[in-house]
Amino acid sequence: MSYSHLSITERSQLALLHRLGWSTRAIATELNRHHSTIARELNRGAGTSGYQAETAHEAYETRRERSVSNGKWTHERERYISEKMEKTWSPEQIAGRMSQDCPEQKVSFKTIYRWLYQGLLVKGNTAVLRQKGKRRGPRETRGRFNVGKSIHQRPKEVRKRDSFGHWELDTVVSSRGKSKACVATFAERKTRLYLAIKMPDRTSTSLEKAFGVIADSFPTGTFQTATVDRGKEFACYERLESAHDLDIYFADPYSSWQRGTNENANGLLREFFPKGKDFAEVSEEELVHALHLINSRPRKCLGWKTAHESFMEALSHLA
């Protein structure tokens with residue numbers, strides 16, 4: 001028999017039979033209930049004038065109202081989660097970092113999604129959720145050059161992300177028909193730090209200058225290797241290796257997964273500057289702000305540290 005609470009009708013019958021002197025077991029048999037249910041109800045509802053059905057049922061409804069949980073939603077959690085969503089964090093990133101920042105307030109990312117769809121967060125505006133996936137782009141049509149070392153010659157420690165200072169490089173361009181402006185992007189494999197710098201065009205000369213600006217911003221040892229694709233902007237690889245004392249490795253043709261860290265980060269940048277955006281119209285302030293938001297998101301693969309925190313920790317261990 002499935003369990004259900006006593007109704008007002010059953011309480012009325014119970015009160016009548018109790019006044020007639022029936023035992024708890026006899027009443028239980030008549031109402032098709034367990035005798036302990038009847039005994040608890042009589043003890044709970046007993047007053048100065050004996051058991052009264054209406055009074056007992058009102059007390060029951062009061063207890064039911066008090067027993068309903070308010071759930072985990074609080075204004076404090078709402079403020080924390082909304083603030084992080086405005087910083088473009090995903091629900092999983094918010095939940096992961098929440099367990100470190102305020103463990104007493106932590107909730108699962110599924111709960112955050114549910115609150116969002118219920119309208120409890122940011123008025124239910126699901127536009128705050130970052131887009132997933134990546135559109136298939138056109139195949140490489142640029143000219144060829146004699147590439148250097150293959151990615152298959154790259155040390156295993158680089159592939160396993162065991163050591164710091166190994167980068168993946170790429171360029172993100174304006175849409176066709178727009179200007180030649182683009183950005184050179186740099187992703188550190190171990191810490192996932194993502195950097196980008198504007199270039200007037202996608203040439204090896206511009207790439208060489210951009211690399212110099214980035215490399216000169218950090219101490220010696222920050223750049224040990226770089227993995228790149230076979231775009232003609234990397235035809236300057238020998239000069240880069242010589243000037244900055246690093247090894248450059250070339251991925252296989254049409255194998256973007258071999259530079260997955262950079263490709264993923266480029267996708268994050270596209271959320272701020274989607275295809276069709278002319279990078280000539282993007283200000284330095286806008287680019288810096290986007291990079292700040294990307295590098296300030298907690299990462300599951302980093303134990304919910306941000307890329308910036310992990311990178312600065314790695315820099316502190318350089319001799």
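The values are calculated or read from the model by the stated rules, or taken from the named source; none is laboratory data. Quick caveat, the model's predicted, so the values are computed rather than measured. Cβ: placed from backbone, ideal geometry, glycine included. Neighbour counts: every protein chain shown.
Couple of notes before you dig in:
- Number of positions in the stretch 1-32 that are surrounded by 11 or more Cβ atoms within 10 Å (Cβ to Cβ) and more than 51 Å from the chain's Cα centre (by Cα): 20
- Here residue 248 does not qualify as under 30 Å from residue 97 (Cα atoms), buried (at least 16 other Cβ atoms within 10 Å of the Cβ) and of a type in the set (A, V, I, L, M).
- Boolean, residue 179 is assigned by the TED database to the domain that holds residue 267 and either out of contact with any Asp or Glu (no Cβ under 8 Å at 6 or more places or on another chain) or buried (at least 21 other Cβ atoms within 10 Å of the Cβ) (or both): no
- Residue list for the stretch 38-62, filter: modelled with pLDDT under 85 and of a type in the set (Lys, Arg): none
- Hits in the stretch 166-207 (condition: in a strand (DSSP E or B) and on the phi > 0 side of the Ramachandran plot): none
- Single residue of the stretch 203-229 satisfying the filter (among the charged types (D, E, K, R) and farther than 12 Å from residue 169 by Cβ) that is surrounded by the most Cβ atoms within 10 Å (Cβ to Cβ): 209
- Taken residue by residue, the stretch 259-282 has at least one member that is in a helix (DSSP H, G or I) and in contact with a Gly (Cβ under 9 Å, 6 or more places away or on another chain).
- The set of residues in the stretch 1-37 being over 16 Å from residue 54 (Cβ atoms) and in contact with a Ser or Thr (Cβ under 8 Å, 6 or more places away or on another chain) consists of 28, 35.
- Qualifying residues in the stretch 143-176 (those that are loosely packed, with under 15 Cβ neighbours inside 10 Å and acidic (Asp, Glu)) - the one farthest from residue 287 (Cα to Cα): 157
- Residues in the stretch 63-87 that are among the β-branched types (Val, Ile, Thr) and at pLDDT 90 or above: 81 alone.
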